[in-house]
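Here is the structure we will look at.
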Amino acid sequence: MRRISFSPPDITEAEIAEVAEALRSGWITTGPRTKHLERRLAAYIATGDNTVDTEADTAAWSNRVVCLNSATAAEELNLRIFGVGPGDEVIVPAYTYTATASAAIHCGATVKFVDIQKDGDAVTHMPEMDYEALAAAITEKTKVIVAVDLAGIIADYETMFRIAEEKKSLFRPVESDGTPLGDLNHRIQVSIGRIAVFSDAAHSLGAWRTFRGEKKYCGAIADFTSFSFHAVKNFTTAEGGASTWKPIEGVDDAEIYKFYQLLSLHGQNKDALAKTKLGAWEYDIIGPWYKCNLTDVMAAIGLRQLDRYPELLDRRAQIIARYDAICDELGISHLTHYTGDSRSSGHLYLIRIPGISTERRNEIIELMAQQGVATNVHYKPLPMMTAYKSTGTDIGDYPNSYAYYENLISLPLHTLLSDDDIDYLCDTLKMVVKDMKLC
Ligand SMILES: Cc1ncc(COP(=O)(O)O)c(C=O)c1O
C-alpha cells in the first residue's frame with residue numbers, strides 16, 4: 001500500500017544550500033536576504049516574472065512588499081496600517097480559516113460574517129461570498145471587507161470594489177489621534193475614501209485574474225493583501241508571510257513601509273542592521289508594538305522557492321487536470337482552477353460528493369485513510385467553531401456555508417506526488433465511492 005501525505009513541503013538541495021549560506025554569513029535575522037526577497041516578490045506580483053534577481057534589477061521594483069513571520073501577522077498589520085480599531089466592523093466570509101477573522105478581533109474590531117453563494121461561484125465553484133448579503137451587511141461602522149482567495153482562486157474583486165464605491169457615502173474616515181501612526185491611518189482612509197477591500201491571499205501567490213480588463217497578479221488587485229508562506233503552502237519559508245498594498249494617492253510607499261517595520265519590530269526606530277553601524281547604538285520606541293519579522297534564514301528558503309515557483313505551479317496544473325478528469329467521470333463536483341480569464345495557484349483541490357451527509361463524508365475520509373491516502377476538509381465554517389459560537393454566531397444563519405462543508409473533501413495536492421501516486425489516488429477514490437454506491 002502507498003502512503004500519500006496531505007501536503008509535505010517541497011524542499012530541494014537549492015533551499016538547503018541557501019539556508020546554509022545564510023547561517024554561515026553571520027547575518028541570520030532580518031537583513032539582506034529578507035530585503036532581497038521583498039523586492040523579488042514585488043517584481044513577481046507586478047509582472048509574474050520570478051527571474052528578477054540581481055540587486056540592480058530589484059532596485060527598480062516597488063518597496064510595497066513587507067515580509068513577516070506569518071500571514072496572520074500580515075493580516076493584522078494590514079488592518080493596523082489602514083487604521084482599524086474598536087468600534088469598527090470588518091466583513092469576513094463565514095467560510096474561511098480563523099486567521100481571516102481573528103486578525104480583526106486582535107485589533108479590537110467586530111467581525112461580521114457573510115454567507116457564501118450557494119455551491120460557490122457559478123464558474124469556479126470557489127466558496128465566494130454572497131455579494132448581495134455582503135452589500136446588505138455594510139453599515140456606517142464598516143471599514144474593511146476581507147475576501148479570501150480560497151484554494152488559490154482569485155475572488156471577484158471587481159464586484160467588491162463596486163459595492164464599496166456604491167456604499168461610499170456611509171464611510172467615515174478615522175480621525176487622527178495625534179500620533180504618527182494615527183496620522184498615517186487618517187491620511188490613508190481619507191485618500192482611499194471608501195471601505196477598503198483586503199485580500200486574504202494565504203493560498204494564492206502567483207494566481208492571476210483579469211481585473212478591469214487587465215491581467216493582474218494576486219497582490220496587485222486588492223487595496224491590501226496578505227500572503228502565507230507556512231509549511232503547507234505552495235511557496236514556503238517554513239513559517240512566514242508577507243503584506244503588500246496598492247499605491248495610495250498622496251501617501252508615500254516609503255512611509256507605509258517604515259510603519260510596517262515599526263509595527264513588526266517593537267516600534268523601535270532603528271532595526272538590527274542599522275544598529276550594527278559603529279557607534280550608532282541609540283534608538284527610541286515609538287509604540288508598544290509587535291515582534292513578527294521574517295528572519296534571513298527563512299528568507300533563504302523563500303529565495304530559492306521563488307526560483308522554482310513557476311515550475312511548481314505548472315506541476316500543480318498537471319495534477320489538477322488528472323483530478324478534474326476522474327471527478328468528471330465519477331460525477332463528483334470540483335473546483336475549476338483555470339478559466340479563460342483567470343489562473344489559480346492550484347493550492348487546494350476541493351471535491352463535493354453530491355447528496356451526502358457529514359457522516360458519509362467522514363466515512364470516505366476514513367476509507368481513503370485505510371488505503372494510505374490522507375485527505376482533509378477545508379474548511380469547517382467559522383460559525384461552527386467554539387470561539388465564534390460563544391459570541392452568539394449561529395451556523396443556522398449561514399446555510400450555504402454549512403451545505404458546502406457538509407459533503408466536502410480536500411484531496412492531496414502537492415508537488416511531491418508522482419504520476420504513480422496520482423494513479424493510485426484516483427483508483428482509490430473511484431473504488432471507495434463505488435463501494436459506497438455513491439456513483
Ligand atoms: C485562508 C487562510 N488565511 C490565513 C492563514 C494563516 O496563515 P499563517 O499560518 O501563515 O498565519 C491560513 C493558514 O492556513 C489560511 O488558510
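The values are calculated or read from the model by the stated rules, or taken from the named source; none is laboratory data. In this text the structure is predicted, and so the values were computed from the model without any measurement. Neighbour counts are summed over all protein chains in view; Cβ atoms, including those assigned to glycine, are modelled from backbone coordinates with ideal geometry. Protein only, heavy atoms only, side chains kept; ligands, DNA and RNA dropped before computing areas. Shrake-Rupley method; radii C 1.70, N 1.55, O 1.52, S 1.80 Å.
Can you name the number of the only condition in (1) modelled with pLDDT of 95 or more; (2) under 22 Å from the mean Cα position of the chain (by Cα); (3) away from the ligand (no atom under 15 Å from the Cβ); (4) farther than 23 Å from Gly182 by Cα that Ala137 fails?
Failing condition for Ala137: (2).
Name the pairs whose Cβ atoms lie under 6 Å apart, with the first residue in the stretch 89-104 and under 16 Å from Met129 (Cα atoms), the second in a strand (DSSP E or B) and near the ligand (Cβ under 8 Å from one of its atoms), and 6 or more positions between them or separate chains?
Short answer, once both residue conditions are applied: Pro93/Val148; Thr96/Val148; Thr100/Val148; Thr100/Asp200.
What tally of residues in the stretch 225-240 results from selecting those that are under 11 Å from the mean Cα position of the chain (by Cα) and β-branched (Val, Ile, Thr)?
Final tally of qualifying residues: 1.
Do we find that Val90 is closer than 25 Å to Pro127 by Cβ, β-branched (Val, Ile, Thr) and crowded, with 23+ Cβ neighbours inside 10 Å in this structure?
Yes.
Give the stretch 309-350 a look and list any residue that's closer than 21 Å to Ala43 by Cα, open to solvent by 30 Å² or more (accessible area, probe 1.4 Å) and touching a strand residue (DSSP E or B) at 6+ places or on another chain (Cβ under 9 Å), or say none.
Arg343, the sole residue that qualifies.
What's the number of the only condition in (1) within 16 Å of the ligand (Cβ to nearest atom); (2) more than 28 Å from Trp289 (Cβ to Cβ); (3) in contact with a Phe, Trp or Tyr (Cβ under 7 Å, 6 or more places away or on another chain) that Leu150 fails to meet?
Tallying (1) within 16 Å of the ligand (Cβ to nearest atom); (2) more than 28 Å from Trp289 (Cβ to Cβ); (3) in contact with a Phe, Trp or Tyr (Cβ under 7 Å, 6 or more places away or on another chain), Leu150 fails exactly one: (3).
When you scan the stretch 104-126, how many residues do you find that are farther than 26 Å from Leu79 by Cα and open to solvent by 10 Å² or more (accessible area, probe 1.4 Å)?
Residues meeting the conditions: 7.
I need every pair where a residue in the stretch 387-416 that is farther than 26 Å from Phe235 by Cα has its Cβ under 6 Å from the Cβ of a residue that is among the hydrophobic types (A, V, I, L, M, F, W, C) and not in a loop (DSSP other than H, G, I, E, B), sequence separation at least 6 or different chains.
Tyr388/Leu382; Ile395/Met384; Asn400/Ile116; Ser401/Ile116; Tyr402/Ile395
When you scan the stretch 285-294, do you find a residue that is part of a helix (DSSP H, G or I), over 22 Å from Val52 (Cβ atoms), over 18 Å from the mean Cα position of the chain (by Cα) and of a type in the set (D, E, K, R), even just one?
Restricting attention to the stretch 285-294, the residues satisfying the condition of being part of a helix (DSSP H, G or I) are none.
Among the residues of the stretch 285-294, not one is part of a helix (DSSP H, G or I), over 22 Å from Val52 (Cβ atoms), over 18 Å from the mean Cα position of the chain (by Cα) and of a type in the set (D, E, K, R), which makes the answer no.
Residues that are part of a helix (DSSP H, G or I), open to solvent by 10 Å² or more (accessible area, probe 1.4 Å) and modelled with pLDDT of 95 or more: does the stretch 148-160 have at least one?
Checked the stretch 148-160: at least one residue is part of a helix (DSSP H, G or I), open to solvent by 10 Å² or more (accessible area, probe 1.4 Å) and modelled with pLDDT of 95 or more.
From the list Ser199, Ser204, which one is of a type outside the set (Asp, Glu), outside any helix (DSSP H, G or I), touching a residue at least 60 places away in the same chain (Cβ under 8 Å) and in contact with a Ser or Thr (Cβ under 7 Å, 6 or more places away or on another chain)?
Values: Ser199 fails: touching a residue at least 60 places away in the same chain (Cβ under 8 Å).
Ser204 is the lone residue from the list that is of a type outside the set (Asp, Glu), outside any helix (DSSP H, G or I), touching a residue at least 60 places away in the same chain (Cβ under 8 Å) and in contact with a Ser or Thr (Cβ under 7 Å, 6 or more places away or on another chain).
Filter the stretch 242-284 for residues that are open to solvent by less than 40 Å² (accessible area, probe 1.4 Å), under 17 Å from Pro180 (Cβ atoms) and part of a loop (DSSP other than H, G, I, E, B) and give the result.
The answer is Gly267, and nothing else.
Inspect all residues belonging to the stretch 378-386 and state whether any of them is closer than 30 Å to Pro310 by Cβ and away from the ligand (no atom under 16 Å from the Cβ).
No, the conditions are met nowhere in the stretch 378-386.
Within the stretch 207-241, track down each residue that is in a strand (DSSP E or B) and within 16 Å of the ligand (Cβ to nearest atom). Show your work before the answer.
To start, the set of residues in the stretch 207-241 that are in a strand (DSSP E or B) comprises 208-211, 214-217, 224-228, 241.
Correct list: Phe224, Thr225, Ser226, Phe227, Ser228, Gly241.
Which of the helices (runs of 4 or more DSSP H) found entirely inside the stretch 306-407 contain at least 3 residues meeting this: closer than 17 Å to Thr428 by Cβ?
Values: elements: 358-370, 386-389, 399-406.
The helices (runs of 4 or more DSSP H) meeting that bar are 358-370.
Identify, from the list Ser344, Ser418, the residue that is under 15 Å from Met126 (Cα atoms) and small (Gly, Ala, Ser).
Result: Ser344 is the single residue among Ser344, Ser418 that is under 15 Å from Met126 (Cα atoms) and small (Gly, Ala, Ser).
Being closer than 30 Å to Thr110 by Cβ, of a type outside the set (D, E, K, R) and open to solvent by 40 Å² or more (accessible area, probe 1.4 Å) is the filter here, so list the residues in the stretch 401-427 that pass it.
Hit for the stretch 401-427 is Tyr402, nothing else.
Can you tell me which residue within the stretch 7-30, out of those that are in contact (Cβ under 8 Å) with a residue 24 or more places away in the chain and either more than 17 Å from Ala238 (Cβ to Cβ) or touching a Ser or Thr at 6+ places or on another chain (Cβ under 7 Å) (or both), is most open to solvent (accessible area, probe 1.4 Å)?
Ile28
Please go through the stretch 44-69 and pick out each residue that is under 18 Å from the mean Cα position of the chain (by Cα) and either modelled with pLDDT under 95 or surrounded by 22 or more Cβ atoms within 10 Å (Cβ to Cβ) (or both). It would help to see each step written out before you state the result.
Restricting attention to the stretch 44-69, the residues satisfying the condition of being under 18 Å from the mean Cα position of the chain (by Cα) are 44-46, 48, 64-69.
Of everything in the stretch 44-69, those that are under 18 Å from the mean Cα position of the chain (by Cα) and either modelled with pLDDT under 95 or surrounded by 22 or more Cβ atoms within 10 Å (Cβ to Cβ) (or both) turn out to be Tyr44, Ile45, Arg64, Val65, Val66, Cys67, Leu68, Asn69.
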